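Have a look at the structure below, then the notes.
The values are calculated or read from the model by the stated rules, or taken from the named source; none is laboratory data. None of these values were measured; they are calculated from a predicted model. All Cβ positions, even for glycine, are placed from backbone atoms using ideal geometry, and neighbour counts span all protein chains on display. For accessibility, only protein heavy atoms count, side chains too; no ligands or nucleic acids. Shrake-Rupley method; radii C 1.70, N 1.55, O 1.52, S 1.80 Å.
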Amino acid sequence: MKKLIKTIFTTALVLSLVSCVNDDDAAIPTMKVPFYSETFNDASNLDNWSNVSINGGDLWHSSSYGGETFVQLSAFGSGEANMDAWLISPAINLDTTENEAFSFKYLTGYYNGQAVSVWVSTDYDGSNTAEGITNATWTDMNVELPVYTTSGYSSDFSLTDPVDISGFNGDIYIAFRYQGGSSSGVTTTYEIDNLNVYENK
């Protein structure tokens, strides 16, 4: 009898441990390793990006604070009525990947309106010119940047939700577009960092 009870207890214990292992395995998220990444840690990295003001005004520039390096732009103090500045990635190829998405970190200062939108093109010519930008077809990805403060700067960078780009093929270009100035009154400072493009499995 004791032997039977011991056998039943041992079997139950093994089944319990197997069940726990399976639950733990299911809880471990799949790693999303980027196949394209830009940290902006080196200011010279911007040399590989298109950095264009449609109206010939201020451009995105490298900046750093608290050990973090990023790109930044604000219409505050620019004297521009209609700032329209584009920072466009090099070509990112999607031919050998699936279910692609991207995300990035952002931080705002003295928010008085969303000035940054994110766009994707498949036919931008990479010329780093206003003409090249206006002649390309761009899709607004409607990226939400909901974390901000109206007084001072946000205390830390926020990560965007994944932005689905699985509907695109071939080479794509990701653009950060800043629109603001005295005509709209929008002068919010934006800092952008750690753009990662990955398979969103």
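Given Cα positions, please report Rg to Rh for region 85-135, the hydrodynamic radius being the Kirkwood one. Intermediate values should be presented prior to the final figure.
Working: Rg = 14.2 Å, Rh = 13.9 Å.
Taking Rh as the inverse mean 1/r over Cα pairs, Rg/Rh reads 1.02.
If N is the number of residues in region 123-174, what value comes out of its Cα radius of gyration divided by 2.2 N^0.38 Å? Present the calculation step by step, with values, prior to reporting the outcome.
Values: Rg = 15.5 Å, N = 52, 2.2 N^0.38 = 9.9 Å.
In units of the globular-protein estimate, region 123-174 measures up at 1.57.
Gain in length, S158 to N82, computed as 0.36 nm per residue apart minus the alpha-carbon separation, to one decimal in nm? Can you show the working numbers first?
Details: separation 76, 0.36 × 76 = 27.36 nm, distance 2.69 nm.
Taking 0.36 nm per residue and subtracting the Cα distance, the gain is 24.7 nm.
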Query - region 71-161 - Kirkwood radius from inverse mean 1/r over Cα pairs (Å) - result: 15.5 Å
Query - Approximate spin-label separation S64-N51, in nm, with each point projected 7 Å along Cα-to-Cβ - result: 1.5 nm
Query raised in the report: Where does the Debye-calculated log10 I(q)/I(0) of region 25-116 sit at q = 0.13, 0.17, 0.24 Å⁻¹, using only Cα point scatterers of equal weight, no solvent?
Result: -0.61, -0.94, -1.39
Report task. Just the number, please: carbon plus sulfur as a percent of the accessible area of region 103-167, 1.4 Å probe, no ligands or DNA/RNA counted. Result -> 42 percent
Report task. At 7 Å along the Cα-to-beta-carbon direction for both F168 and N112, put a label point, then send me their distance in nm to one decimal. Result -> 3.3 nm
